[in-house]
Every structure is written in C-alpha cells, then in structure tokens.
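Read through the structure below, which is laid out as structure tokens, and then see the notes.
Any read-out appearing in this document is the output of simple, stated calculations on the displayed coordinates, not a laboratory observation. None of these values were measured; they are calculated from a predicted model. All Cβ positions, even for glycine, are placed from backbone atoms using ideal geometry, and neighbour counts span all protein chains on display.
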Amino acid sequence: MNWLRPDRIARLEAALAERILLLDGAMGTMLQAARLDERDFHPEGHPCAHCGELKGNHDLLNLSRPELILSIHRAYLAAGADLIETNTFNATRIAQADYGTEALVPELNRAGAALAAAACREFEARDPRRPRFPVGILGPTNKTASISPDVSDPGHRAVDFDTLAAAYAEAATALIEGGAELIMVETIFDTLNAKAALYALEEVFERLGGRVPVMISGTITDRSGRTLSGQTPEAFWASIRHAAPFSVGFNCALGARQLRPHLEALARVADCRVSVHPNAGLPNAFGGYDETPAQTASALAEYAALGLVDVVGGCCGTTPDHIAAIAQAVAPYPPRQARKLAQAA
C-alpha cells in the first residue's frame, strides 16, 4: 500500500518545500449542482438498493454514483489541486446511523479513498513531476462529546469518547486500506471529538505497523474567534499539538476575510505547517454562497503574502473555478514553513 512507502512522503515534503499546495474545493457544492434524486442514492445490485429514503447521504454516492464522484475529483485536479479529499465526511458509524447504513461504513470509506486515489494516479501519470495525493477525510460526526444537546440537562452527552474513538478507528482503517496517503481530521467544532479521532489514529497506526501524515483542521464558528466548544485558536492548538500533526488549520463556517485574524493567531503559535480552506464568503439568506473565485483568491493571496499558509483550498460554496483562481493567486509566494526555515538559516 502507498501509505507505507517513504518515497511518497518524501515527494510530499519536497513539493511543500517548493510551493504552497492546493487542496480541492467543496464536494457538497458540486453534488448539489448535479440535482440528484432519490434513485441516485441506491446502489444497483447492492443490498442497500432496497433501503429506505437515502437522499442526502452523499457518502453513499461512492457506491451508487462512483463516476460522478470521480468526475468531481478530476475537475478539481484539472483546476490545479494537489490534494484530493475523499467523499467521506459523514462516513462514520455515528453519522450513518441517521440513515440506518452503519454497516456500510468500511465499504464507503474504502470506496471513497479508492476513487480519490485513482483520480490522483491518473493526473500524476500525465505529469509525473507533479505528485497528487488522496486525503482521507474524517468529519466531526453529528454529535458532540463536550456539549449537552439538551439545555435542560447540561450534564447529558449524546456520545462518549470511547464510542467516537471506535467509530473513527473503523473509518480510518478503511480509508488507509482504500489508498488514502494522508488523513485529515476536519471541520472540528468540538476538540474532544478531535482528540478521540487522534487517539483512534494512533491505535490504527500501531496496529497496522505504519502511519500516514495527519492534518488537523478546526472550525471557528463565528466572529468571536472560538470553536463551538469555546476554544480560542491558541487553546485549540494547545489541545492537539501532542499529536505532532503534519499540519493544522481552519476550514468552513467563515469566509477568508472573516477568518484571517483567527488564522494569524494560530500561525503565531503552531510549530507545524498551516492549512486553510474557507467558505466562499458567508452564506446568503438562502444558504448559498456569493463570493466569486476572484474574491476568494484575492483574500487567500493576502494570506500567502503574509507567510501564513502552506496549504490552501476551499470549503462550502467553492468550485473548481475557485481553486483555479486560488492556484494562480498564491503561485508567486513561498510556503510558510519554507519561509520560516529560510529565515532561521
């Protein structure tokens, strides 16, 4: 498996020493544009083809519409992405319980990783000088370990640490089996959830006898500059730095303009690479995103010029056009980590 090959890690390190790398954009935005109906979510010839209502379970499209997922990966690679996220944001037993499809979790993750890896291999074969990497995504789940969902019972928790860790371990194992070369714990609104994921990853790496780079991406939920569980960027870093992540950063919730002071705070304290993939601005009254590719790219170019980032991309509302514009905008600037090493020398 690629994840055990040191030459792949060396190629990733070499690429990051030369330039800011591009993460892809929003999967959900592209899927919404495809105007899918219920039939799209029922894999033909699969036992789940006869399940109940599944529309909205986008992870299931890895099985029912793999050609669609592959086409989206290809569109982002053609736009300039170096890192392709697997379509597995909700592919944990906890999140899949909403649809009664918990048993499909290993299959969803293996298929999601295989699709991203296939797209990366295809584009790398076209230009072997430029490696492309599939990133296995572990989403936050739809439950929080730190906050009660019941305002009348502050001590109640909908999920516990051990349950989260087991769910993350199952998903991560399948992502690695499917070909993921990095793992990203992303859209972290509750750091305790993330700590369960990081604990699970260490157990998986020990059991499998190897490891992949781990990216960690939190979410600042509003302009207060805190996560949903109440942490500032500095506190968030202090809580997860023990995992020695490959990168740390923020994504979702805010656009690049609103996120900047919080990313600056994180970049001041983090001793690893820094990533960011913001939304295309703030949502409008209809839940859509109006920020143009040029506007998003301009904001991220400022990040790059200030030496804040090593990896950039897009979250909600972003498209291949956004990624292409971002790629062009950040191209003149060196990565943060490379700049810091040069200054230290």
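What to note about this one:
- Charge tally in the Cβ shell below 13 Å around residue 113, where Lys, Arg are +1 and Asp, Glu are -1, residue 113 excluded: -3
- Karplus-derived HN-Hα couplings along region 108-125 (A = 6.51, B = -1.76, C = 1.60, θ = phi - 60°), whole Hz, x at Gly and Pro: 4, 6, 4, 5, x, 5, 5, 5, 5, 5, 5, 5, 5, 4, 4, 6, 5, 5
- Cα centroid separation - region 58-106 against region 238-261, whole Å: 23 Å
- Rounded to 5, the percent of DSSP beta bridges in the chain classed as antiparallel: 5 percent
- Annotation: amide H-H contacts under 5 Å for residue 25 (H modelled 1.01 Å from N, sequence separation of 5 or more, or interchain): 314.
- Pairs of alpha carbons in the chain whose separation is greater than 37 Å (percent): 11 percent
- Rounded to the nearest 5, the antiparallel percentage of DSSP beta bridges internal to region 214-345 is 10%.
- For the chain, the longest piece that avoids every one of the GluC sites (Glu not before Pro) found in DSSP loops with at most 14 other C-beta atoms within 10 Å covers 54-345.
- In loop segments of region 11-59 as defined by DSSP, the trypsin sites (Lys or Arg not before Pro) with at most 10 further C-beta atoms inside 10 Å of their C-beta are 35.
- From phi via Karplus (6.51, -1.76, 1.60), per-residue ³J(HN,Hα) for region 27-35 in Hz, x at Gly/Pro: 6, x, 4, 5, 5, 5, 5, 6, 6
- The ranking of 322, 42, 156 by Cβ neighbour count inside 10 Å, starting from the fewest, reads 156, 42, 322.
- With eigenvalues of the C-alpha gyration tensor scaled by 5 and rooted, region 13-141, Å: 28, 14, 12
- Checking every one of the trypsin sites (Lys or Arg not before Pro) in region 108-194 against DSSP loop status and a limit of 13 other Cβ atoms within 10 Å picks out 129.
- Once the Cβ-Cβ distance of residue 10 and residue 343 is raised to the sixth power relative to R0 = 22 Å, the FRET efficiency obtained is 0.40.
- Rounded to the nearest 500, the helix-only mean residue ellipticity at 222 nm of the chain stands at -14000 deg cm²/dmol, with each DSSP H run of n ≥ 4 adding -39,500 (n - 2.57).
- Scattering curve values for region 256-331, log₁₀ I(q)/I(0), Debye with Cα scatterers, q = 0.12, 0.14, 0.16, 0.25 Å⁻¹: -0.30, -0.41, -0.53, -1.14
- Over region 208-345, volume per residue of the alpha carbon convex hull, in Å³: 135 Å³
- Positive end of the dipole of region 225-316 (Cβ unit charges, origin at the Cα centre): among 289, 300, 263, the Cα lying farthest that way belongs to 263.
- Amide H partners (placed H, <5 Å) of residue 84, local residues excluded: 133, 135
- Whichever aspartates and glutamates have a C-alpha closer than 12 Å to that of residue 143, once near sequence neighbours (fewer than 8 apart) are set aside: 98, 160, 190
- Annotation for region 251-310: chymotrypsin sites (Phe, Trp or Tyr not before Pro) lying in DSSP loop with at most 12 further Cβ atoms inside 10 Å of their Cβ are 286.
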